[in-house]
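Beneath this line is the structure, given in C-alpha cells, with notes to follow.
Please treat every number below as a calculation from the coordinates, not as lab data. Bear in mind that the values here come from a model prediction, so they are computed numbers and not experimental data. Using ideal geometry, Cβ is built from the backbone for each residue, glycine included, and neighbour counts are taken over all protein chains shown.
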Amino acid sequence: MDKVVVRDKNAILKQKMRQLEQLKLRKLKAERSLAQSQRKLRKLEIENKLLYFGHSAKGYLGKYGKWEPTRPQNLILREFINPLRSTFVYEGGNRGGKTFLLAVLCLTCLRGYFPWEPKENQGWLWKLFGWTPPIKVRIVGQDWKKHIADVLIPRFEDLIPKTWGLELAKMGEIAISQIYDPSTHGKINIVSNSSESSNLEGWEGHLLCYDEPPSRLNRIACARGLTDYNGKEFFSMTLLKEPWIETEVIEAVDEKGDLDTSVYTAHTTIYDNEGHGLTGEGIESFAKKLTPEEKKIRLMGESVFKSGKILHIDRSRHVLELTPQDIRPNWLIDVQIDYHPAKPQYILFYATDESNFHYVCHTIVGHGNGSWIADQIVKAVKTYSMRVNTIYADPLAKSGVLNVVETEYDKIAIGLGRFNLPLYSAGKLKANKGDGILRINSLLETQNKLIALHFFKTCGYAIKQCGGWMFDDKGEPSKKDDDFPECLYRAALLGTEYFPPDDPDDLGEQARNKKVKKRNSITGY
C-alpha cells in the first residue's frame with residue numbers, strides 16, 4: 001500500500017515538473033516573440049522616424065537628445081503655412097539643423113502635409129497654397145561631390161520614410177539628382193550652384209530651396225520658375241558669402257519702401273541644437289578650435305559681412321512695430337533732406353521724445369524739384385501733427401547759384417517759408433561724418449546697454465540702407481546707397497534734447513525759438 005502511494009506522489013511530482021517546464025517554455029517563447037516584435041517595431045520606427053517627429057513618446061536620438069523641432073525651426077514651420085509668406089530664410093551658425101529643416105519642408109510639400117501628421121491629412125497644404133499635384137521641388141546645392149553627395153543626400157536618405165517608397169535616381173556616378181514619389185508623382189530635382197545660370201533656366205515648380213548661399217544670377221534663373229505656381233522659396237545657410245542675400249532678401253522692402261512682409265527670417269545658433277542631436281561637451285570641443293571672430297560666425301551665426309558694416313543695427317532689436325500715426329504731437333522732429341539733381345530725393349524725419357530717445361519715424365523717397373520737396377514735408381507735418389524742430393538740406397541743393405536766379409535750395413526754403421518753417425544748410429553737419437557715425441552707434445546701444453535710437457517699421461528703405469551701409473576697400477564709408485545714412489548721421493549730430501511746448505497751438509514756432517537759444521557742442525549751431 002505504501003509503495004502505491006509513493007508511486008502516485010512521484011507521478012504527480014513529475015507531472016507538475018512537466019507543467020512548469022511547459023510554462024517556462026511558453027513564457028520564453030512569448031518573451032522571444034515580444035522581443036522580436038519590439039525589434040521589428042523599433043526597426044520600423046527608425047526607418048520611418050520622420051513620421052514620429054515631435055511625438056513626445058518617441059526618443060529616436062536616444063542619449064543624443066530630443067526628437068522634436070528646435071525653437072527657431074518651430075518658427076519656420078509655423079510661418080511656412082502662412083499663404084502671405086513666400087520667401088523664408090533660416091540662417092545662422094553651424095549645426096543649427098538647417099539642412100534637416102530643408103529636407104523636412106521638401107518632403108512636406110511633396111506629400112501635401114507634415115509627415116508626422118495622420119496620413120488622412122495628405123493634401124491639405126496643397127489646398128491652402130492653391131497648388132495642384134504633382135508637386136515640383138528644386139534644391140540648389142553648392143557642388144556635386146563635397147556638398148550634394150556628402151551632406152545633402154545623406155540627410156534625405158536618413159529622413160525619407162521607408163514606407164513612402166520614394167525612388168532615388170543618380171546623375172551618372174556622381175550623386176543622386178532626383179527623388180520621385182510614385183504615390184503623388186511629385187519630384188525633387190537637385191542642381192548645383194556651380195552650374196552656369198543659363199543651365200538653370202526653364203525650370204518651373206512649387207518650392208525652391210537653397211542649401212547654403214546661391215549666386216545671385218542662379219537665384220534669379222531659378223526663382224523665375226516659381227511665378228507659374230505662386231511658389232515658395234527657402235534659404236538655408238550660414239552667410240559666409242553672397243552679401244546680396246542680406247540686403248536683397250533678408251532686408252528686402254516692398255514697392256512702398258516698407259519692410260517686405262512676404263519674407264520671413266529665423267536665426268539659429270549652434271546652441272539651439274543642444275539636446276536635439278548635439279551635446280554641450282561636443283559644442284565646447286568645437287568652440288575651442290575657433291578664433292573669437294570664427295565663434296561669432298560659426299557658433300552664433302553672425303553674418304560674416306557684419307564686421308564690415310558701419311552701423312550696428314539689429315533689426316530684431318532696433319525696429320519697432322510703429323507707424324507715423326504713432327508719432328506723438330509733443331515730440332521734437334528734425335528733418336534732413338538728401339538732395340540729388342537726378343536721383344530720387346531722400347527725406348528723413350527724426351523724432352526725440354520726452355526721455356530723449358530718438359526714432360527714425362518717417363521717410364520719403366521720390367523724384368521732384370525743390371518745390372516738390374517742400375510740399376512733401378509740409379504734407380507730412382500736417383498729416384501726422386509733427387512738432388518741427390529743424391529742417392536741413394544738403395548744400396548740393398545750392399548748386400547752380402551762378403547760373404540760375406533761383407536754386408533748388410531757394411525753392412525748398414520758399415515752399416517751407418509759407419508755413420513758417422525755416423530751412424538750414426547741412427554743410428557743417430556734412431563735414432562731421434565720422435563724429436556722426438560714432439554718435440549713431442552710441443545711440444543704438446548706450447553705455448548702459450539701452451537702445452536710444454529706433455526705427456519705425458514703415459521706414460523700410462532707411463532700415464535697409466542704414467543696416468547695409470559698409471566700409472569700402474579703402475576703409476572709408478561707402479558712397480553706394482548712403483542717402484538715408486547721410487540724413488541719419490546729420491540728424492544725430494544735432495544732439496536734440498527734448499523740451500515741452502509752451503504753446504500747444506504753435507509747436508513749430510516754440511521749437512524754433514528754443515533752437516536759437518541752444519547751441520550744439522559738435523556743430524556749433
**Asked** Could you give the dipole magnitude of region 165-213 about its Cα centre, charging the beta-carbon of Lys and Arg +1 and that of Asp and Glu -1, in debye to the nearest 20?
**Response** 140
**Item:** Estimated FRET transfer efficiency (residue 314, residue 12; beta-carbon r; R0 56 Å; 0.05)
**Value:** 0.05
**Prompt:** Can you list the residues, at least 5 places off or on another chain, whose amide H is less than 5 Å from the amide H of residue 319, using H built in the peptide plane?
**Reply:** 455
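So between residue 285 and residue 385, what do we pick up on full extension, going 0.36 nm a residue minus the alpha carbon distance?
30.2 nm
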**Request:** Output the peptides 457-467, 377-387 sorted from most to least packed, where packing is the average of other Cβ atoms within 10 Å over each peptide's residues.
**Result:** 457-467, 377-387
**Surrounding net charge for residue 485, when Lys and Arg each add one and Asp and Glu each subtract one, Cβ distance under 15 Å** = -1
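Could the peptides 240-249, 135-144 be put in order, highest first, of the mean number of other beta-carbon atoms found within 10 Å of their residues?
My ranking of the peptides, most packed first, is 135-144, 240-249.
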**Asked** If you average the sequence gap of Cα pairs under 8 Å that are 6 or more apart and divide by the length of region 62-306, what percent do you get for the contact order?
**Response** 31
**Item:** Length added when fully stretched, residue 418-residue 499, from 0.36 nm per residue minus Cα-Cα
**Value:** 26.6 nm
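All other residues with a Cβ under 13 Å from the Cβ of residue 269 taken together, and with Lys, Arg as +1 and Asp, Glu as -1, what is their net charge? Numbers along the way, then the final one.
On the way: positive: 71, 95, 98, 295, 296, 298; negative: 91, 272, 274, 302.
Residues near residue 269 contribute +2 overall.
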**Request:** Would you please give the residues with an amide H less than 5 Å from that of residue 176, counting only those at least 5 places away or on a separate chain, with H modeled from the backbone geometry?
**Result:** 171
**Asked** How big is the charge dipole of region 88-198 about its Cα centre, in debye rounded to the nearest 20, if each Lys and Arg gets +1 on its Cβ and each Asp and Glu gets -1 on its Cβ?
**Response** 120
**Request:** Just the number, please: percent antiparallel of the DSSP beta bridges in the chain, rounded to the nearest 5.
**Result:** 40
**Prompt:** With contacts defined as alpha carbon pairs under 8 Å and 6 or more residues apart, what's the relative contact order of the chain in percent?
**Reply:** 14
**Message:** With both bridge residues required to lie in region 318-517, what share of the DSSP beta bridges run antiparallel, to the nearest 5%?
**Reply:** 55
**Message:** Under the rule of at least 5 residues apart or a separate chain, name every residue whose amide H is placed under 5 Å from the amide H of residue 356.
**Reply:** 498
**Asked** How many angstrom lie between the C-alpha centres of region 93-113 and region 244-271?
**Response** 19
**Prompt:** Given 235, 345, 311, which one lies farthest toward the positive end of the charge dipole of the chain, if we put +1 on the Cβ of every Lys and Arg and -1 on the Cβ of every Asp and Glu?
**Reply:** 235
**Asked** Which shape class, rounded, prolate or oblate, goes with region 318-517 when its Cα gyration tensor gives a ≥ b ≥ c as root eigenvalues, a/c under 1.5 marks rounded, and past that a/b bigger than b/c marks prolate?
**Response** oblate
**Message:** Sort 80-88, 21-29 by the packing proxy (mean of other Cβ within 10 Å over each peptide's residues), most packed first.
**Reply:** 80-88, 21-29
**Request:** Can you give me the P(r) profile for the chain? Cα pairs, bins 10 angstrom wide beginning at 0, each as a whole percent.
**Result:** 3, 15, 21, 18, 14, 11, 7, 3, 2, 2, 1, 1, 0, 0, 0
**Request:** Starting from region 99-194, pick out the GluC sites (Glu not before Pro) whose DSSP state is loop and whose Cβ has at most 14 other Cβ atoms within 10 Å.
**Result:** 173
